[in-house]
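Encoded as structure tokens, the structure appears first; notes follow it.
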Amino acid sequence: MVSIGVPYDRIGDREDYASLTYGAGIPRAAADLTVPVPFNDAPAMERRIERLIAEGRPPACVIMEAAMMNLGVVLPEPGYLDAVRELTRRHGVLLIVDEVKTGLAIAAGGATERFGIEPDLVTLAKTLGGGLPSGAIGGTEEAFETVASGAVYQVGTYNGNPLTMAASRASLADVLTPDAYAHLDELEERLLTGCSNVIERYGLSGYSVGIGAKGCVTFSPERIVDYESYKRHQDGELTDLSWLYNMNRGVFMTPGREEEWTLSVAHSPADCDLFVAAFEEMADDLTSSGERKPRAPADPSEPPRRPPGARR
């Protein structure tokens, strides 16, 4: 198993990241079976896979997010996902895409659709249940053959839970329509544009980045491309301050330096403007002597200045 993301102060060499547990309760044996590699670096992943094969322990799978959503938002670099798909197929390694956060939130087909990646297995949750606890897995016939044959016994206490299934059906059929996705894209663009304008006008060190219903302002002087650059450059104090400004102005944000906003179909352009206004108030308080600059309204037709490629 190859995974991505370990604590920065113990991260180790980029070519040989340390295999560390996320917290207590995870057996050391499980960590030893998990080999982390950097995101957005297909050559590094391939070199690590080749070393494991040479050591006589070829990896069973690569498990990854197509766009990392626990570092704010880190989008895949152009060509990265295609390279991962090609090398995993060439080495006979199963590719599992974690769409717990991107699934149904950035497109009807999630990251699989948005980025054109073809995983062997995909995991879904969160958005699927429309607010109820939910989860689902999908995959190719070949990947599911072990379940169909009975080699893997796939059961669960809440499998097919009637309430969750009813909510999921309503979410898929009645809420997440093509018009809903167009609405979410418009709101996302308004947020990204408004935040980008504030960052430029007040000279803040950071950028806005997002896709579909997911986005954030990343407070960093450098563009974040992986876990290592995130932990090296992201300003956690500014992120905490931004959360406090939002909460005190009627915008409920998930706390933590790694979180992003999530839009819903119930949000409106006015909600986006409220978010941008709170962000601008913070920017003004941080940079001015008290004389507020006139606010430029968000213009959805103006492309945001942000790295290519994006929870509230």
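The values are calculated or read from the model by the stated rules, or taken from the named source; none is laboratory data. Everything quoted here is computed from the prediction, not taken from an experiment. When we count neighbours, we look across all protein chains shown, and the Cβ atoms used for this are built from the backbone with ideal geometry, even at glycine. Please note that ligands, DNA and RNA were not included when accessible areas were found on the heavy atoms of the full protein model with its side chains. Shrake-Rupley method; radii C 1.70, N 1.55, O 1.52, S 1.80 Å.
Distance between the 7 Å Cα→Cβ label points at residue 177 and residue 47: 5.2 nm.
Using the 1.4 Å probe convention, the accessible area of the chain works out to 50 Å² per residue with neighbouring protein chains retained. Extension gain, residue 151 to residue 9, is 47.1 nm, computed as 0.36 nm per intervening residue step minus the present C-alpha separation.
Spin-label model, residue 140/residue 270: points 7 Å from Cα along the beta carbon direction are separated by 5.0 nm. Semi-axis lengths, largest first, of the ellipsoid equivalent to segment 65-184 are 24, 22, 11 Å, with √(5λ) applied to each eigenvalue of the Cα gyration tensor. Relative to the compact-globule estimate of 2.2 N^0.38 Å, the Cα radius of gyration of segment 1-62 comes out at 1.08. Each of the peptides 15-23, 80-88 was scored by the mean count of other Cβ atoms within 10 Å over its residues; in descending order, highest first, they stand as 80-88, 15-23. Using just its DSSP H runs of length 4 or more, each adding -39500 (n - 2.57), the chain gives a mean residue ellipticity at 222 nm of -11000 deg cm²/dmol after division by all residues.
Among the listed values (1) 0.99; (2) 0.96; (3) 1.16, the one computed from these coordinates for Rg/Rh (Cα atoms, Kirkwood Rh) is (1). Centroid-to-centroid, using Cα positions, segment 215-240 and segment 75-134 are 23 Å apart. When the surface is traced with a 1.4 Å probe over the full set of protein chains, residue 243 keeps roughly 80 Å² accessible. Only alpha carbons enter this Debye calculation for segment 114-178, each as an equal point scatterer, and the log10 of I(q)/I(0) it gives at q = 0.22, 0.26 Å⁻¹ is -1.04, -1.12. Only lysine pairs 8 or more places apart, or on different chains, with alpha-carbon atoms under 24 angstrom apart are counted in the chain, and they number 5.
On segment 91-235, 54 percent of the accessible area sits on carbon and sulfur atoms, based on a 1.4 Å probe.
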